[in-house]
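The values are calculated or read from the model by the stated rules, or taken from the named source; none is laboratory data. No experiment lies behind these values; they were computed from the predicted model shown. Glycine also receives a Cβ, built like all others from the backbone with ideal geometry; neighbour counts cover every protein chain displayed. The accessibility values were calculated without ligands, DNA or RNA, using every heavy atom of the protein model including side chains. Shrake-Rupley method; radii C 1.70, N 1.55, O 1.52, S 1.80 Å.
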Amino acid sequence: MLGQLIINGLVSGLLLALPALALTLVFGILKFPNFAVGATLTFGGYAAWVMNHQVGAPLFVAAAVAATIAAGLAIVCDRLIFERLRDAGSIALLVASLGLSLVLENICRFVFGNSTRNFDVEIARPIRWNGLRINHEQIVTAVTVILCVIILQLLLSASPLGRAMRATADNPALAAVRGIERNTVARITWALSGVLLALSGVLAGLDRAVDPLLGWSYQLPVFAAAILGGLGSPIGAVFGALVIGLAEELSTLVLPTNYRQIVSFAIILLLLLMRTRGLFGAKAVRK
Amino acid sequence: MRGVTLDQPPETILAVIGPNGSGKSSFVKTLAGLLRSREGSIEVTGEAVTSLSPAKRVMAGLAYVPQEENVFRNLTIRENLKLATEFLRGRSGVGPAQEAQVLSLFPEIGRRPKTLAGDLSGGQRQMLAFACALLSNPEVLLLDEPTAGLSPKFVSETMEAVARVREAGVAVLLVEQNVAAALRIADEVMVLVAGRKSLQARASDISNADLADLFFAKMQ
């Protein structure tokens, strides 16, 4: 029982890791919490569903197309909305992202309706091992997320683009006078965020089904994970996601399943009271 | 800033001095592109850069070292140095030869590539910032109070480094509060008072009495 809960919790945590990474990447570079993470995740889920169910593409092809579309959407939204507000402060950007979230969610609702949509995938028998049950979707989720985290970590730590992103996060004005175009870095960050959120949408759609509130149901634990890890810290986001996933799953030992989201609320509350910069976040410097 | 006209030849140091709040830092930030000018124009070796972004001005030959936060603290020395040239593809003179020449000017920087820039002392950070700016093989180097907060030993080392940069053929525009130190190495001096040019003359022609008059006039 406990072993099964731990496996489920780790996979749930991995499901939260990609959107938490998307949230923390945008926060690190553009310095605002993007409330459109959930809606972009939903949009990515629907884009993949159209490719998979309507066009008939295999799921991994559908996921790749959805990731490309979501990256393009994120760049267009940056160009039309966020770039104009870049110097208006984080509150203006946050409110704009809330607005974008409502628009995206309602576009999905208008086009696809309120009913749930499932991907066309073969139903496979779960693997049973020592009394533990691991289903096919959990393996796909774990492999996809771990690969994405490794690729993103390599990109950030060992590529010129990653250095430029870290430099812009560290000191945007200095990055500009070192020849790094802030808007280019911002757009690449949005594109990466779009890719991560679309893949999360596919994995979340595999885990349950795609519906207009799919992303909204992940929004709170994703914020809890990113805040726990320390907003702006990619490693922190992954760690935070695993902790939240495990904590939510293990809470079902003592709480009714419907109340598991209370864990995210409690963790955010505790962090705001005791350690606002999270576990891996940099100390805020007031200038 | 109003009515500030300036023409600086290569291989010279122009010290920009003036009382607090006279607009020295705003002037140099406007040249670097971090502040937008409402009118007027800026040219580097005959190329107009007024409408260019800060990043494109680096490509045109302008390098800027800010007063504070002049290195990426969360990146290593090696990463700071790499970033100084990585996005300047096509700029002439940028490459391994330039890097070797710059690192020979600041040997201590090259010895600790894996150290986080945030762990360096103020003077060492200043040297790293200089090195990064010079790696872009600039025509003009803009320095905003490079000796602020440094010990007397580092002040003289910094000024020596600035003088070496001039010898490499670069035009150095040095904004400085430490007037005595600036006058020791400058070829020319421009005094800013309340955003206007009060005086521009050869450094050797300026007396302490002239400076006291200009600074004191502002206080009155």
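Residues satisfying the criterion are absent from the range B:38-45 (criterion: under 20 Å from A:Glu181 (Cβ atoms), away from chain A (no Cβ under 14 Å) and not aliphatic (A, V, I, L, M)).
Selection over the range B:128-178 of residues that are aromatic (Phe, Trp, Tyr) and either closer than 16 Å to B:Ala63 by Cα or assigned to a loop (DSSP other than H, G, I, E, B) (or both) gives a count of 1.
Residues in the range B:27-37 that are within 14 Å of chain A (Cβ to nearest Cβ) and modelled with pLDDT of 90 or more: B:Val28, B:Lys29, B:Thr30, B:Leu31, B:Ala32, B:Gly33, B:Leu34, B:Leu35. I'd like the residue in the range A:151-167 that is part of a helix (DSSP H, G or I) and open to solvent by less than 40 Å² (accessible area, probe 1.4 Å) and, out of all such residues, is farthest from B:Phe87 (Cα to Cα). Going through the qualifying residues, I end up with A:Leu152.
I'd like to know if the range B:56-64 contains one or more residues that are open to solvent by less than 60 Å² (accessible area, probe 1.4 Å), more than 11 Å from chain A (Cβ to nearest Cβ), closer than 22 Å to B:Gln200 by Cα and within 16 Å of the chain's Cα centre (by Cα). No, the conditions are met nowhere in the range B:56-64.
Among the residues of the range B:90-122, the one identified as acidic (Asp, Glu) and more than 22 Å from the chain's Cα centre (by Cα) is B:Asp119.
Taking the criterion of being surrounded by 15 or more Cβ atoms within 10 Å (Cβ to Cβ) and assigned to a helix (DSSP H, G or I), the only residue of the range A:110-128 that qualifies is A:Phe112. Quick check, is A:Ile188 within 22 Å of A:Phe35 (Cβ to Cβ) and either free of Cβ contacts under 8 Å to residues at least 40 places away in the same chain or open to solvent by 10 Å² or more (accessible area, probe 1.4 Å) (or both)? Considered against the rule, which asks whether it is within 22 Å of A:Phe35 (Cβ to Cβ) and either free of Cβ contacts under 8 Å to residues at least 40 places away in the same chain or open to solvent by 10 Å² or more (accessible area, probe 1.4 Å) (or both), A:Ile188 comes out as yes. Where helices (runs of 4 or more DSSP H) fall wholly inside the range A:1-105, the ranges with 2 or more residues that are among the polar types (S, T, N, Q) are A:2-30, A:37-49. A:Ile180 falls short on exactly one of the conditions (1) assigned to a helix (DSSP H, G or I); (2) more than 17 Å from the chain's Cα centre (by Cα), and that condition is (1). Is there a residue being in contact with a Pro (Cβ under 9 Å, 6 or more places away or on another chain), of a type in the set (Gly, Ala, Ser) and within 14 Å of chain B (Cβ to nearest Cβ) anywhere in the range A:156-173? Within the range A:156-173, one or more residues are in contact with a Pro (Cβ under 9 Å, 6 or more places away or on another chain), of a type in the set (Gly, Ala, Ser) and within 14 Å of chain B (Cβ to nearest Cβ). Total residues in the range A:174-184 satisfying the condition of being facing chain B (nearest Cβ under 7 Å) and surrounded by fewer than 22 Cβ atoms within 10 Å (Cβ to Cβ): the figure is 1.
Residues satisfying the criterion are present in the range B:13-25 (criterion: at pLDDT 90 or above and within 14 Å of chain A (Cβ to nearest Cβ)).
Note on the range A:218-271: residues that are among the hydroxyl-bearing types (Ser, Thr, Tyr), outside any helix (DSSP H, G or I) and open to solvent by 30 Å² or more (accessible area, probe 1.4 Å) amount to 1.
Within the range B:65-89, the only residue that satisfies the criterion of being over 16 Å from the mean Cα position of the chain (by Cα) and away from chain A (no Cβ under 11 Å) is B:Ile77.
So for the range A:129-150 (the condition being among the acidic types (Asp, Glu), more than 30 Å from B:Glu79 (Cα to Cα) and not in a helix (DSSP H, G or I)), does at least one residue qualify? No, that holds for no residue.
Would you please list the contacts, defined by Cβ atoms under 9 Å and residues six or more apart or on different chains, that run from a residue in the range B:115-143 that is at positive phi to a residue that is of a type in the set (S, T, N, Q) and open to solvent by 10 Å² or more (accessible area, probe 1.4 Å)? Pairs found: B:Asn137/B:Thr85; B:Asn137/B:Ser92; B:Asn137/B:Gln98.
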